[in-house]
1. If you scan segment A:224-247, which residues turn out to be more than 12 Å from ligand 1 (Cβ to nearest atom) and part of a strand (DSSP E or B)?
2. Among the residues in segment B:75-91, are any at pLDDT below 90 and of a type in the set (Gly, Ala, Ser)?
3. Of these, A:Lys202, A:Lys214, which one is within 19 Å of A:Tyr369 (Cα to Cα), surrounded by fewer than 22 Cβ atoms within 10 Å (Cβ to Cβ) and in the same structural domain as A:Leu30 (by TED's automatic domain parsing)?
4. Could we say that A:Val173 is open to solvent by less than 10 Å² (accessible area, probe 1.4 Å), at pLDDT 95 or above and touching a helix residue (DSSP H, G or I) at 6+ places or on another chain (Cβ under 7 Å) here?
5. Given the residues A:Lys364, A:Lys380, A:Lys300, A:Lys317, which is the only one that is crowded, with 20+ Cβ neighbours inside 10 Å and basic (Lys, Arg)?
6. Exactly one of these conditions fails for A:Asn258: (1) open to solvent by 10 Å² or more (accessible area, probe 1.4 Å); (2) outside the structural domain of A:Leu306 (by TED's automatic domain parsing); (3) not in a helix (DSSP H, G or I). Give me its number.
Amino acid sequence: MAHKTKRLWKYQPLKSSYDAVIIGGGLHGLATAYFLAKKHGLSNVAVIEKRYIGFGGAGRNTAIVRANQRTQENLPLYREALQLWPVLTKELDFNLMFHNCGNLNLFHSEAAMKAARLNTASGQFHGIKSHLIDAEECKRMVPALDISDRPRYPILGAMYHPPGGIVRHDAVVWGLAKGASKHGAHIHQGTEVTGIEVYKGKVAGVHTDKGKIKTPRVLNAAGAYSADISSRLLGAKLPISVLTIQAMVTQPLKPLLNHVVSSGAYHCYANQTLKGEIATGAHMDPWPNYTNETTAHYIKHQAEALTEFLPCLAGVKFMRIWGGLADMTPDMAPIIDGNEPVEGYYIDCGWGYFGFKSSTVTGKYMARYMAEGRCPEILKPFALSRFKEHRLMGETAALVNYTPDN
Amino acid sequence: MSRTITCPVCGRRNGYEFRFGGEDKGPRPEEEGMSPEKWFEYTHLNDCKAGIRKEWWFHRDGCGVWFTIFRDTASNREVVRPPERELEAVP
Ligand SMILES: Cc1cc2nc3c(=O)[nH]c(=O)nc-3n(C[C@H](O)[C@H](O)[C@H](O)COP(=O)(O)OP(=O)(O)OC[C@H]3O[C@@H](n4cnc5c(N)ncnc54)[C@H](O)[C@@H]3O)c2cc1C
Ligand SMILES: [Zn+2]
């Protein structure tokens, strides 16, 4: 049978002017372009991507989605993000493969259980389902778990969060690109933004290696590269450190892990993909850098950590390992701001290793922000000014502190 | 080559023995004339430069000394102190 392939998004020539230019064809950039074009009638929009869409964290993440954060500011955003997957799957007419398997956060100390009690209660206050379970219940849910006192950090219990799970990350990239293109947005791959033009305190355009573009609005959604762009092109430094984070998958196995399982104490999380591989991610590398290098250190670390609480994985082979960049802020929450330091300049970055799950909802509100010029309530807590006022968000609590400092 | 960092006391050691201590931002600002803005800049803001920069490290699993090195964040490797003229942008 003749099979005709059709591109999901159109190739367009680079125009000399757009109503909005988005730097970065990652999750946040594409989502914002989609909602600008679809909901706000701003279809004269360009997404400028240095390499190819999904080159950054968008194509490298481990695809975990959840809404069991700790703070009042974060929870509503992540709750809405979870609700959006089925809606977008329909709207984009693209299977995003939301696998609603639920997340199990393992705890190995009374202190961690106590901290989780606050997370659970805060979630419940916002109508988000999470509850604490003891070790026996963990074992009933995931029989492969070792709940004996053999591991260095025995399992005391867990926070079970049924609404979370896994979404196919590449599908989100392609689906959003398809949707944005369908509503008129242009996607320019292989094009690098090299300058931002400011005239009388307002954004006037951007320079790219393929030519200049006039525009009154620019969104910096360049993921891990956002802070470098902001400081190099606008002289506006950000409270960000860029670190590598590595992930890997094992050979495919018969089904044994029907939830996302994570352990802060072991710096390790894992889930079984629909193909059967165990996908697992680790703690971040301790050095800021812009490479995507992997190290033997983490292969050993993951093998040790995983086989502590899932001893049946001993001897299983890792098939692939890769690295990506995480733009970390000091309080594990993103920086979302607009018209700072110049009018028409918007920023959505600092998403570290947790910006996949939030990408679509942030794009939705970011688009409104850019179309109306006023910051939607839900995004207000993430303004850069919180660091000046020393009102950092308490997203880390007694959980492991994922900063470049440890 | 593996990722190593040169401790002034112990010499070149595996990078995972060390803890990163931040970009070198010069001396801590004086208390006199201190403002929230200045403190914010000193404590939180980073250049995040892709290239050679000077930074602080701590030999955590070693002798415990704090020191500065030059490192290229684009290659993730320690480099020798670059010649002055290339150093312009490095604090
Ligand atoms: C290994 C790993 C595991 C992760 N696991 C999860 C997870 O399980 N769940 C979760 O929620 N999050 C996870 N994340 C985090 C998530 O992937 C990121 O937070 C997310 O991709 C950020 O999206 P973004 O759109 O801001 O940036 P990106 O997706 O990184 O996109 C930025 C884009 O900007 C482009 N760009 C850069 N500079 C320029 C320029 N000058 N001009 C034009 N374009 C430019 C880049 O090429 C890139 O494509 C993980 C990340 C990694 C690396
Ligand atoms: Zn030493």
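1. Of segment A:224-247, the ones more than 12 Å from ligand 1 (Cβ to nearest atom) are A:231, A:234-239, A:241.
Once the filter is applied, which keeps residues that are more than 12 Å from ligand 1 (Cβ to nearest atom) and part of a strand (DSSP E or B), segment A:224-247 yields A:Leu238, A:Ser241.
2. The first filter runs over segment B:75-91 and keeps only residues at pLDDT below 90, leaving B:80-91.
Cutting the leftovers down to of a type in the set (Gly, Ala, Ser) gives us B:89.
Yes, that holds for at least one residue.
3. Working: A:Lys214 fails: within 19 Å of A:Tyr369 (Cα to Cα).
None of the other options fit; the residue is A:Lys202.
4. Working: open to solvent by less than 10 Å² (accessible area, probe 1.4 Å): yes; at pLDDT 95 or above: yes; touching a helix residue (DSSP H, G or I) at 6+ places or on another chain (Cβ under 7 Å): yes.
Criteria met by A:Val173.
5. Working: A:Lys380 fails: crowded, with 20+ Cβ neighbours inside 10 Å; A:Lys300 fails: crowded, with 20+ Cβ neighbours inside 10 Å; A:Lys317 fails: crowded, with 20+ Cβ neighbours inside 10 Å.
Just a single option satisfies the conditions, and that option is A:Lys364.
6. Here A:Asn258 clears every test but (2).
The rows are residues; the columns are (1) assigned to a helix (DSSP H, G or I); (2) more than 22 Å from A:Leu234 (Cβ to Cβ); (3) assigned by TED's automatic domain parsing to the domain that holds A:Leu145.
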{"position": "A:Lys300", "(1), (2), (3)": "yes, yes, yes"}
{"position": "A:Cys312", "(1), (2), (3)": "yes, yes, yes"}
{"position": "A:Gly315", "(1), (2), (3)": "no, yes, yes"}
{"position": "A:Met319", "(1), (2), (3)": "no, yes, yes"}
{"position": "A:Trp322", "(1), (2), (3)": "no, yes, yes"}
{"position": "A:Trp351", "(1), (2), (3)": "no, no, no"}
{"position": "A:Phe354", "(1), (2), (3)": "no, yes, no"}
{"position": "A:Val361", "(1), (2), (3)": "yes, yes, no"}
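Residue-wise test of (1) within 10 Å of ligand 1 (Cβ to nearest atom); (2) buried (at least 24 other Cβ atoms within 10 Å of the Cβ).
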residue	(1), (2)
A:Ala46	no, yes
A:Tyr52	yes, no
A:Gly57	yes, yes
A:Arg70	no, no
A:Pro86	no, no
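The values are calculated or read from the model by the stated rules, or taken from the named source; none is laboratory data. None of these values were measured; they are calculated from a predicted model. Heads up, the Cβs are rebuilt from the backbone with ideal geometry, glycines too, and the neighbour counts pull from every protein chain shown. Note: accessible area is taken over every heavy atom of the protein model, side chains too, but ligands, DNA and RNA are not part of it. Shrake-Rupley method; radii C 1.70, N 1.55, O 1.52, S 1.80 Å.
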